[in-house]
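Novice: Questions regarding the structure given below will be posed in turn.
The values are calculated or read from the model by the stated rules, or taken from the named source; none is laboratory data. Remember, predicted model here, so these are calculated numbers, not experimental data. Positions of Cβ are backbone-derived with ideal geometry, glycine not excepted, and every protein chain shown enters the neighbour counts.
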Amino acid sequence: MAKRVLTHVKKSDPRRSLNDIKLPDFINVIKKESTGSTNEDMALLAKQGIAPWTVVQALVQTSGRGRHGKSWDSQIGNLFMSLLLRPAVNRVRWGELSLLSAITVASTLSDYIDNQMIQVKWPNDVLINGKKIAGILLEVADFYVEEPSVIVGIGINISKAPEKFEYPVTCINEYNSDHISVDDVLISLLHHFVCWFHIWEDIGFGAIKDEWMRRAFKLDGSVSVETKNGVMSEYKFRGIDMEGAMLLDDENGNRSRIRAGKVRFL
């Protein structure tokens, strides 16, 4: 098992790079100029038995994917990476990693952007002033039944935001004049991920839930959720439970619990 490293990440120094900030020894970063999808690359590596805490990062990604089969706009100057994890917790809890990944990204962004602007939208969208800045896609790599793994794909807009998108988007450099580099964000992200991941493994989901709720987008606001059973509308979003499920109340106070679906805040 990897040695526990619970290093708090200080506010970013824009001059730092991978050469002068040391990552934990158990993290291996594989850099690529261009690839189709870092998640697909990682799936191939997982099939070959590569060690957990391996990272694939690409400067350009030509076929990036998001949740619900959507494409992820992958412009140069932004971060595209996938991380392989092999959690030492029961597999039924692996869904919690989706929310953990969101607060990891939020914590990373707080190194560069006013913390009060950063919110998370269920389950794992990360927003700055209501505009999406990051995408997260988790996939299980269960090629080895005895040692299944989780691939965490993360894209963060750093220098550019897509010009034509179905909802408002933004990037780090719209809020930070230091022109933060991809390496800066990668270093911060991996340090924060180590911290939150080991809190989750050692202590449980409670601390993750508390941080997620602290950043929750439109808590107590109206929401509709499209599920395989249809569309639920005019519900109130009350947060998440200890399994990461979305809690919704109808007009009579009856509570529903949603584990998966397309969320639209009204």
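Novice: If I filter region 187-205 down to residues being farther than 14 Å from SER107 by Cβ and assigned to a helix (DSSP H, G or I), which single residue comes out as nearest to the chain's Cα centre (by Cα)?
Specialist: GLU201
Novice: Can you pull out every residue in region 214-250 that is touching a helix residue (DSSP H, G or I) at 6+ places or on another chain (Cβ under 9 Å) and assigned to a loop (DSSP other than H, G, I, E, B)?
Specialist: Listed by number, the residues that qualify are ARG215, LEU219, ASP241, MET242, GLU243, GLY244.
Novice: Can you tell me how many residues in region 60-85 are at pLDDT 95 or above and closer than 22 Å to LEU45 by Cα?
Specialist: 7
Novice: Counting only residues that are surrounded by fewer than 15 Cβ atoms within 10 Å (Cβ to Cβ) and farther than 24 Å from TRP94 by Cα, which one in region 170-217 is modelled with the lowest pLDDT?
Specialist: Here the residue is HIS179.
Novice: Which pairs turn up if I take residues in region 251-266 that are closer than 14 Å to GLU226 by Cβ and look for partners that are among the basic types (Lys, Arg) and surrounded by 13 or more Cβ atoms within 10 Å (Cβ to Cβ) with beta carbon separation below 6 Å, at least 6 apart in sequence or on another chain?
Specialist: PHE265/LYS218
Novice: Surrounded by 15 or more Cβ atoms within 10 Å (Cβ to Cβ) and touching a Ser or Thr at 6+ places or on another chain (Cβ under 9 Å): which single residue out of ILE240, ILE258 fits that description?
Specialist: So the residue among ILE240, ILE258 that is surrounded by 15 or more Cβ atoms within 10 Å (Cβ to Cβ) and touching a Ser or Thr at 6+ places or on another chain (Cβ under 9 Å) is ILE258.
Novice: Still on this structure, I have one more. With respect to GLY253, determine if the residue is at positive phi and either among the hydroxyl-bearing types (Ser, Thr, Tyr) or under 16 Å from the mean Cα position of the chain (by Cα) (or both). Break it down stepwise before answering.
Specialist: On the way: at positive phi: yes; either among the hydroxyl-bearing types (Ser, Thr, Tyr) or under 16 Å from the mean Cα position of the chain (by Cα) (or both): no.
No: the conditions fail for GLY253.
Novice: Ok, one more. Which ones in region 121-155 are more than 22 Å from VAL182 (Cβ to Cβ) and in a strand (DSSP E or B)?
Specialist: Scanning region 121-155 gives LYS121, GLU139, VAL140, ALA141, SER149, VAL150.
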